[in-house]
1. Which of the residues spanning segment B:45-66 are more than 10 Å from B:E83 (Cα to Cα) and at the interface with another protein chain (Cβ under 9 Å from one of its Cβ atoms)?
2. Taking the criterion of being surrounded by 12 or more Cβ atoms within 10 Å (Cβ to Cβ), within 23 Å of A:P161 (Cα to Cα), at pLDDT 90 or above and of a type outside the set (A, V, I, L, M), would at least one residue in segment A:23-42 satisfy it?
3. Kindly indicate whether any position in segment A:51-58 is aromatic (F, W, Y), in contact with a strand residue (DSSP E or B) (Cβ under 8 Å, 6 or more places away or on another chain) and surrounded by 14 or more Cβ atoms within 10 Å (Cβ to Cβ).
4. Any residue at all in segment B:69-91 that is more than 14 Å from the chain's Cα centre (by Cα) and among the aliphatic types (A, V, I, L, M)?
5. With respect to B:G5, determine if the residue is within 19 Å of A:L95 (Cβ to Cβ), small (G, A, S) and surrounded by fewer than 18 Cβ atoms within 10 Å (Cβ to Cβ).
6. Quick test for you: out of A:G110, A:G131, A:G182, pick the one residue that is at pLDDT 95 or above, more than 20 Å from the chain's Cα centre (by Cα) and not basic (K, R).
7. Tally time: how many residues in segment B:8-47 are part of a strand (DSSP E or B) and either surrounded by 17 or more Cβ atoms within 10 Å (Cβ to Cβ) or not small (G, A, S) (or both)?
Amino acid sequence: MTILQTDSDRLLLAVRKLLAEKAIATPEEIAERIAITDAANPGQGARMVAKAWVDPEYKALMLSDGAKAAEAVGIPMRGMPPLGVLENAPGIHHLVVCTLCSCYPRAVLGYPPFWFKSAAYRARAVRDPRGLLADWGTPLPDSVQVRVVDSTADYRWMVLPMRPEGTEGWDEARLASLLRDGDMIGVTVPSA
Amino acid sequence: MLAPGQAVRVKLDWPETRGPCHIRTPHYLRGHQGIVERHLGRFPNPEDLAFARPAAVLDLYHVRFEQKSLWGEGHPGDAIVVELYESWLEAA
C-alpha cells in the first residue's frame with residue numbers, strides 16, 4: 001500500500017507509531033504539544049501588548065527578546081521558534097506575512113486566520129501593502145513608512161501596536177480587551 | 001559576519017531548477033540588493049534539515065529591501081524586511 005492509498009488518519013497513526021518506536025517523541029509529548037497549540041489564542045499576545053503599554057521595563061524586554069517576555073507572563077515557549085517583536089511608532093507601521101508558507105506567531109496568537117495562508121494575502125502584502133491595508137480599513141498617511149516583514153526562516157514575528165488615544169488610566173485587562181489578532185500582525189490597528 | 005548597514009545582494013540562483021530542494025529565500029528577492037538591518041542569530045540550514053541531512057549552522061540576517069527597488073514602484077521609504085541566511089548573500 002502506498003501513501004496515496006492510505007487515508008490521512010492511518011498515515012498519522014503510522015507516523016505517530018514510528019515516532020514512538022524510534023524514541024523521537026512519546027505519545028504523551030505529542031498530546032502535550034497538541035494541547036499547548038490548541039490553547040494558544042490572541043488573548044495571550046494581547047496580554048503582552050497591554051503589559052508593554054503600561055510597563056516600560058517589560059516593553060524593553062519584549063522588544064529585545066519576545067520569547068522571554070512571553071514566558072514572563074506564563075505563555076509556554078519551550079520548543080518554539082524565537083519570537084521577534086516589531087514596534088509600531090508614529091512614523092512606522094509593520095505588517096507581517098509569510099510569502100513562502102504560513103509562519104505565524106502561534107505561541108502567542110494561536111492558529112492563524114484562514115486568509116493569512118491565502119495566496120492573495122501573501123502576494124499582495126509584499127507587492128501592494130498600502131492597498132491591502134486600505135482594504136482592511138487601515139489607511140496609512142504618506143508620512144508613515146511601511147515595513148512588511150516576510151517571515152521566511154527561523155523567527156516568528158508579532159507587532160507591538162501603538163496604544164490608542166483615549167485609554168489613559170485603563171488597566172491591563174481593559175487594554176488587552178481592545179486587541180484583535182490582526183492588530184498584532186499589523187493588518188489593523190486597535191482603537192478605543 | 002555582516003554588519004548592520006552593509007549592502008548585500010541576494011544570489012541570483014534557482015536551485016529548484018536543479019532538483020528537489022527546500023528553500024527559505026523567496027523568488028522575488030533573487031538578484032536584488034538590500035541593506036543588512038541586524039544579525040538574528042545562528043541556525044542549522046533548513047535546506048538540509050528538510051531532507052534530514054547534516055546541517056551547517058549559518059548566520060541569519062534581517063535584510064531590508066526598498067519597495068521601489070523590488071517592484072519599480074511603491075511609496076518612497078516603504079520597505080520589506082526578510083530573514084536571509086549568509087549562504088544566499090553576497091557583497092553588493
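The values are calculated or read from the model by the stated rules, or taken from the named source; none is laboratory data. All of these numbers come straight from a predicted model, not from anything done at the bench. Methodologically, a virtual Cβ is constructed for each residue, glycine included, from the backbone with ideal geometry; neighbour enumeration extends over all protein chains shown.
1. B:P46
2. Yes, some residue in segment A:23-42 is surrounded by 12 or more Cβ atoms within 10 Å (Cβ to Cβ), within 23 Å of A:P161 (Cα to Cα), at pLDDT 90 or above and of a type outside the set (A, V, I, L, M).
3. For segment A:51-58, residues aromatic (F, W, Y), in contact with a strand residue (DSSP E or B) (Cβ under 8 Å, 6 or more places away or on another chain) and surrounded by 14 or more Cβ atoms within 10 Å (Cβ to Cβ): absent.
4. yes
5. On the way: within 19 Å of A:L95 (Cβ to Cβ): no; small (G, A, S): yes; surrounded by fewer than 18 Cβ atoms within 10 Å (Cβ to Cβ): yes.
When the stated conditions are applied, B:G5 does not pass them.
6. The conditions single out A:G131.
7. Adding up the residues that qualify gives 14.
To keep it simple, each residue is scored yes or no on (1) touching a Gly at 6+ places or on another chain (Cβ under 7 Å); (2) surrounded by 14 or more Cβ atoms within 10 Å (Cβ to Cβ).
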| position | (1), (2) |
| --- | --- |
| A:L83 | yes, yes |
| A:S102 | no, yes |
| A:G110 | no, yes |
| A:W115 | no, no |
